[in-house]
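Report on the following structure.
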Amino acid sequence: MTRLLPHPLISLGILLLWLLLNQTLAPGPALVGVAVALFGGWTLALLDQGRPRLRRPGLMLRLAGQVLLDIAQSNLTVARIILGRRANSSAGFIHIPLALRDPQALAVLAAILTATPGSAWVEYDAEAGWLLLHVLDLDDEEVWIRLVKDRYERPLLEIFA
Amino acid sequence: MTPEAAALPWIVVVPVCLLLLIGAGLTLVGAFGLLRLNSFYARVHAPTLGTSYGMGCILLASMLFFSALGTRLVIHEIAIGAFVILTTPVTLMLVARAAMHRDRLEGQRGVPQAARPD
């Protein structure tokens, strides 16, 4: 199991993506897909990042839903800022202390924050756990820090526990 | 418009048009933001309109339209979405870090010297 399929979920994902791209379930392409999926799993195992232990699937779904909502809302906010009269008034950097240390959890947090219009991950200090974030509407620093820590970091800490 | 597309019922056509307009509108606003915003770091935020819900709406419209046209489920747009979601943050971060590195070397003001506060 572990030898042949070191990362079963990743391999399954690759296989599904392959079938989706080929738009067929015919045995030929499916067999090639299985080979690609196996190779993908082995390559990842060679990189030796360790397998993340994910917990609380319910919380994962809730976080995903929350992120979708937040991205929709910040789409509107950023569109309003761009089209508004004071487009360049309040952009700035903030420093946020993070308790999250797991590299894969940090990658997820970075993807969430950067995919959201209005906030961009700029730099992370791995030693002290400081994150440098650039935000487009920096009216209240405290609100942004609370948002990142309470809304995203806390569930990620529980999921990647 | 092809005759097949013209024959689609309004219950498909209306959402497809709305989704296309919203998606294209968001992407346009994002592109406009590149012109309008004045600092490099602020401009990084603008294209994410197009890569988040701009892309999402257009892909959803495409799935609806071609599923209705072919009367079978067309969902390989999900793969496009997955690739864009996975690659955009990496690109944006790379670009922002490169700009930060250059600004620090040149001693620009208003740029933090480290992720740790001074």
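The values are calculated or read from the model by the stated rules, or taken from the named source; none is laboratory data. Everything quoted here is computed from the prediction, not taken from an experiment. We place every Cβ from the backbone using ideal geometry, glycine too, and count neighbours over all the protein chains shown.
Residue under question is B:S62, and the condition is that it be surrounded by fewer than 20 Cβ atoms within 10 Å (Cβ to Cβ) and hydroxyl-bearing (S, T, Y); does it hold? I'd like the intermediate steps shown before the answer.
Working: surrounded by fewer than 20 Cβ atoms within 10 Å (Cβ to Cβ): yes; hydroxyl-bearing (S, T, Y): yes.
The answer is yes for B:S62.
The residues of the stretch B:96-112 that are part of a helix (DSSP H, G or I) and either acidic (D, E) or more than 8 Å from chain A (Cβ to nearest Cβ) (or both), listed by number, are B:A98, B:A99, B:H101, B:R102, B:D103, B:R104, B:L105. Considering only residues in the stretch B:16-51 that are in contact with a Pro (Cβ under 6 Å, 6 or more places away or on another chain) and part of a helix (DSSP H, G or I), the one that is farthest from the other protein chains (Cβ to nearest Cβ) turns out to be B:G30. Go through the residues of the stretch B:56-69 one by one and say whether even a single one is touching a residue at least 24 places away in the same chain (Cβ under 8 Å) and within 12 Å of chain A (Cβ to nearest Cβ). For the stretch B:56-69, residues touching a residue at least 24 places away in the same chain (Cβ under 8 Å) and within 12 Å of chain A (Cβ to nearest Cβ): present. Within the stretch A:106-161, the set of residues being more than 21 Å from B:F40 (Cβ to Cβ), surrounded by 16 or more Cβ atoms within 10 Å (Cβ to Cβ) and among the β-branched types (V, I, T) comprises A:V108, A:I112, A:I145, A:V148, A:I159.
Pick out the one residue from A:L68, A:L12 that is under 28 Å from A:W130 (Cα atoms) and within 14 Å of another protein chain (Cβ to nearest Cβ).
Values: A:L12 fails: under 28 Å from A:W130 (Cα atoms).
None of the other options fit; the residue is A:L68.
In the stretch B:66-84, what residues are under 20 Å from the mean Cα position of the chain (by Cα) and assigned to a helix (DSSP H, G or I)?
Start the filter on the stretch B:66-84 by keeping residues that are under 20 Å from the mean Cα position of the chain (by Cα), which leaves B:75-84.
Within the stretch B:66-84, B:E77, B:I78, B:A79, B:I80, B:G81, B:A82, B:F83, B:V84 qualify.
Take B:V84 and tell me if it is free of Cβ contacts under 8 Å to residues at least 40 places away in the same chain, within 30 Å of B:V14 (Cβ to Cβ), among the aliphatic types (A, V, I, L, M) and more than 9 Å from every other protein chain (Cβ to nearest Cβ).
Details: free of Cβ contacts under 8 Å to residues at least 40 places away in the same chain: yes; within 30 Å of B:V14 (Cβ to Cβ): yes; among the aliphatic types (A, V, I, L, M): yes; more than 9 Å from every other protein chain (Cβ to nearest Cβ): yes.
For B:V84, the condition - free of Cβ contacts under 8 Å to residues at least 40 places away in the same chain, within 30 Å of B:V14 (Cβ to Cβ), among the aliphatic types (A, V, I, L, M) and more than 9 Å from every other protein chain (Cβ to nearest Cβ) - is met.
When A:V135, A:V122, A:V78, A:V108 are checked against the criterion of being of a type in the set (A, V, I, L, M, F, W, C), in contact (Cβ under 8 Å) with a residue 40 or more places away in the chain and facing another protein chain (nearest Cβ under 7 Å), a single residue qualifies: A:V78.
Residue-by-condition table, conditions (1) modelled with pLDDT under 90; (2) within 25 Å of A:I112 (Cβ to Cβ):
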position	(1), (2)
B:A6	yes, no
B:L49	no, yes
B:C57	no, yes
B:L64	no, no
B:I85	yes, yes
B:V111	yes, yes
B:P117	yes, yes
